[in-house]
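Right, I'll just put the structure down here and ask away after.
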Amino acid sequence: MSYELVVGLEVHCQLNTNSKAFCGCSTEFGKPANTNVCPVCLALPGALPVLNRRVVEDAVKLGLATDCTIARQSILARKNYFYPDLPKGYQISQYEEPVCSEGMIHVDTDEGRKDIRLVRIHVEEDAGKSIHDIGDDTFIDVNRCGVPLLEIVSYPDIRSAKEASAYLQKLRQIVKYLGVSDGNMEEGSLRCDANVSVRLKGAEEYGTRTEIKNMNSFKSVEKAIEYEAQRHIDVLESGGKIVQETRLWDADKQETRSMRGKEFAHDYRYFPDPDLVPVQIDDEMLERMKLELPEFPEARSERFVREFGIPDYDAGVLTAEREVADYFENVVRSSGDAKAASNWVMGEVLRTLKEKNIPVASFSVSPERLGGLIGLIAGGTISNTIAKQVFERMQVTADDAKAIVEKEGLAQVSDTSEIEKVVQDIIDANSGQVEQYRSGKTRIFGFFVGQCMKAMKGKANPVVVNEILKRKLEG
């Protein structure tokens with residue numbers, strides 16, 4: 001039998017606010033356990049929550065970016081359940097009246113663009129963390145309690161593991177462009193649960209679904225969905241039935257395992273939080289959030305092609321991350337050469353960032369300094385070969401490219417008499433290759449260029465070298 005995979009994703013996105021959702025405690029990651037806490041986090045008697053306005057603004061921004069309907073009034077509710085790392089015994093969340101609903105995320109798939117619908121985006125506070133890997137005991141860290149989250153729930157529109165990964169990557173790109181989250185999956189800033197089921201191809205009714213938790217990378221999402229889909233098929237093919245449950249992804253064993261029976265909404269006994277008034281979004285706030293939306297990757301990529309004349313592929317790479325796109329535009333302003341800026345950012349800059357595993361914000365070569373380097377190449381002061389040496393030096397010194405070139409004597413040699421002497425020495429020393437060239441094997445010309453550049457330590461003007469070599473070899 002032929003089966004169709006059906007997937008819906010629930011993504012928790014941690015917002016990069018300085019303080020928590022309902023108190024003034026810091027949200028800084030990596031602090032000593034149980035230090036970012038207060039009476040509100042710990043649910044001490046008499047402590048009252050106060051909603052962080054920035055959380056609502058970020059929710060509205062994401063809603064606008066994904067074509068959601070923005071609710072002018074929404075309700076904060078208590079989601080009741082027991083867990084050792086949840087001091088309150090409930091999470092403040094949203095249920096019947098979320099702040100954003102019925103949106104859309106567009107993803108690129110092997111079959112072309114696909115629209116994946118969103119059920120809702122709602123505000124929620126995070127729970128704490130149970131630590132099981134220290135001896136035989138379990139430790140509780142409540143630093144994360146109250147950290148603001150947005151939960152983004154999709155419809156079951158996803159039909160492959162690759163589509164799920166593409167959707168998650170697109171969502172991560174959007175929240176990073178908006179500046180509402182760093183999208184760091186390794187640190188838990190973006191956490192994904194997948195609802196997976198299969199059905200016979202052509203069937204309209206959905207199969208019984210299972211929920212997979214504990215996925216902290218795009219690759220894990222793909223692998224977990226692929227595994228779980230095949231598990232469903234194997235169970236059905238053997239005459240069994242799928243049990244609706246929550247399962248954990250074991251990345252070491254590359255398999256899912258049962259965690260608990262699936263909860264339903266009524267299990268949580270949702271009710272409006274009596275300590276928090278309804279969230280009101282007025283016209284002024286909505287218009288202000290619209291004005292704060294950035295130029296998103298698709299529009300920015302189209303503009304780069306139109307304005308700078310670079311290829312579609314280059315524009316796609318350069319706009320994948322907002323910070324890289326900003327860096328590139330600043331290099332263009334500094335150098336006045338969009339194509340050279342594109343080549344340098346896509347080549348040397350992105351290579352260096354990957355090797356050092358750092359974001360562009362931490363890169364030591366500013367756009368203005370790189371623009372100055374490109375200007376030296378365009379003006380004939382240095383060759384591309386020397387420019388790469390200067391680029392490496394710029395990463396470990398505060399000097400600009402011009403100062404490095406002057407200090408280290410790297411300026412390009414265009415003196416024809418000096419180059420003529422070197423060219424003649426190369427020709428005299430390689431009579432065999434000269435005969436090959438003159439007998440029609442012109443591809444060997446590159447050998448002579450390389451020997452000349454080597455003799456002059458890369459500082460010879462390649463245009464002048466080529467002109468003199470041709471004249472002497474063909475004369």
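The values are calculated or read from the model by the stated rules, or taken from the named source; none is laboratory data. Here the structure is a predicted model, which means the values were calculated and not measured. For neighbour counting, all protein chains shown are included, and Cβ atoms are generated from backbone atoms with ideal geometry for every residue, glycine included. Side chains are part of the model used for accessible areas, which takes the heavy atoms of the whole protein and leaves out ligands, DNA and RNA. Shrake-Rupley method; radii C 1.70, N 1.55, O 1.52, S 1.80 Å.
Report yes if residue 108 is among the charged types (D, E, K, R), surrounded by fewer than 18 Cβ atoms within 10 Å (Cβ to Cβ) and under 28 Å from residue 96 (Cα atoms), otherwise no.
For residue 108, the condition - among the charged types (D, E, K, R), surrounded by fewer than 18 Cβ atoms within 10 Å (Cβ to Cβ) and under 28 Å from residue 96 (Cα atoms) - is not met.
A further question follows. Can you work out which of the residues in the stretch 421-454 that are exposed (fewer than 15 other Cβ atoms within 10 Å of the Cβ) and in contact (Cβ under 8 Å) with a residue 24 or more places away in the chain is farthest from residue 386 (Cα to Cα)?
Checked the stretch 421-454; the qualifying residue farthest from residue 386 (Cα to Cα) is 438.
Six or more apart or on different chains, Cβ under 7 Å: which pairs go from a residue in the stretch 191-217 that's farther than 11 Å from residue 228 by Cβ and assigned to a loop (DSSP other than H, G, I, E, B) to one that's open to solvent by less than 30 Å² (accessible area, probe 1.4 Å) and of a type in the set (Gly, Ala, Ser)? Could you list them?
Listed by first residue and then by second, the contacts come to 206/197; 207/197; 208/197.
Now for a separate question. Against the conditions (1) at pLDDT below 90; (2) touching a Phe, Trp or Tyr at 6+ places or on another chain (Cβ under 6 Å), where does residue 233 fall short? Just the number, please.
Residue 233 satisfies every listed condition except (1).
Which one of these is open to solvent by less than 20 Å² (accessible area, probe 1.4 Å), among the small types (Gly, Ala, Ser) and either in contact with an Asp or Glu (Cβ under 9 Å, 6 or more places away or on another chain) or within 30 Å of residue 370 (Cβ to Cβ) (or both): 460, 411, 398?
Values: 411 fails: open to solvent by less than 20 Å² (accessible area, probe 1.4 Å); 398 fails: open to solvent by less than 20 Å² (accessible area, probe 1.4 Å).
Just one listed residue meets the conditions, 460.
When the stretch 105-139 is examined, which residues are found to be at positive phi and not in a strand (DSSP E or B)?
Correct list: 135 only.
Does at least one position in the stretch 261-271 carry a residue that is assigned to a loop (DSSP other than H, G, I, E, B) and out of contact with any strand residue (DSSP E or B) (no Cβ under 6 Å at 6 or more places or on another chain)? Give the steps one after another, and end with the answer.
First, the residues of the stretch 261-271 that are assigned to a loop (DSSP other than H, G, I, E, B): 262-264, 269-270.
The next check asks that each one be out of contact with any strand residue (DSSP E or B) (no Cβ under 6 Å at 6 or more places or on another chain); those that pass are 263-264.
Yes: one or more hits.
Just the residues that are within 19 Å of residue 192 (Cβ to Cβ) and open to solvent by less than 70 Å² (accessible area, probe 1.4 Å), please, taken from the stretch 259-295. Show your work before the answer.
Going through the stretch 259-295, the residues within 19 Å of residue 192 (Cβ to Cβ) turn out to be 259-260, 262-263.
Passing the criteria: 262, 263.
On the given criteria, is residue 175 within 15 Å of the chain's Cα centre (by Cα) and either assigned to a loop (DSSP other than H, G, I, E, B) or farther than 24 Å from residue 357 by Cβ (or both)? Let's see the steps before the verdict.
Numbers: within 15 Å of the chain's Cα centre (by Cα): yes; either assigned to a loop (DSSP other than H, G, I, E, B) or farther than 24 Å from residue 357 by Cβ (or both): no.
No, not satisfied.
Another question, then. For residue 225, state whether it is touching a residue at least 40 places away in the same chain (Cβ under 8 Å), surrounded by 20 or more Cβ atoms within 10 Å (Cβ to Cβ) and touching a Phe, Trp or Tyr at 6+ places or on another chain (Cβ under 8 Å). Talk me through it step by step, then tell me what you get.
Details: touching a residue at least 40 places away in the same chain (Cβ under 8 Å): yes; surrounded by 20 or more Cβ atoms within 10 Å (Cβ to Cβ): yes; touching a Phe, Trp or Tyr at 6+ places or on another chain (Cβ under 8 Å): no.
In short, no.
Would you mind finding the one in 117, 209, 144, 159 that is among the basic types (Lys, Arg) and within 22 Å of the chain's Cα centre (by Cα)?
Result: 117 is the single residue among 117, 209, 144, 159 that is among the basic types (Lys, Arg) and within 22 Å of the chain's Cα centre (by Cα).
Something else now. Can you say whether residue 160 is touching a Gly at 6+ places or on another chain (Cβ under 7 Å) and either crowded, with 18+ Cβ neighbours inside 10 Å or more than 20 Å from residue 318 (Cβ to Cβ) (or both), as far as the supplied structure shows? Write out each step before concluding.
Numbers: touching a Gly at 6+ places or on another chain (Cβ under 7 Å): no; either crowded, with 18+ Cβ neighbours inside 10 Å or more than 20 Å from residue 318 (Cβ to Cβ) (or both): yes.
So residue 160 fails the test.
Ok, one more. Taking the stretch 373-395, which residues are assigned to a helix (DSSP H, G or I), of a type outside the set (A, V, I, L, M) and open to solvent by less than 40 Å² (accessible area, probe 1.4 Å)?
Just the residues of the stretch 373-395 that are assigned to a helix (DSSP H, G or I), to begin with: 373-378, 384-394.
Those still in the list that are of a type outside the set (A, V, I, L, M) too: 375, 384-385, 388-389, 391-393.
The answer is 375, 391.
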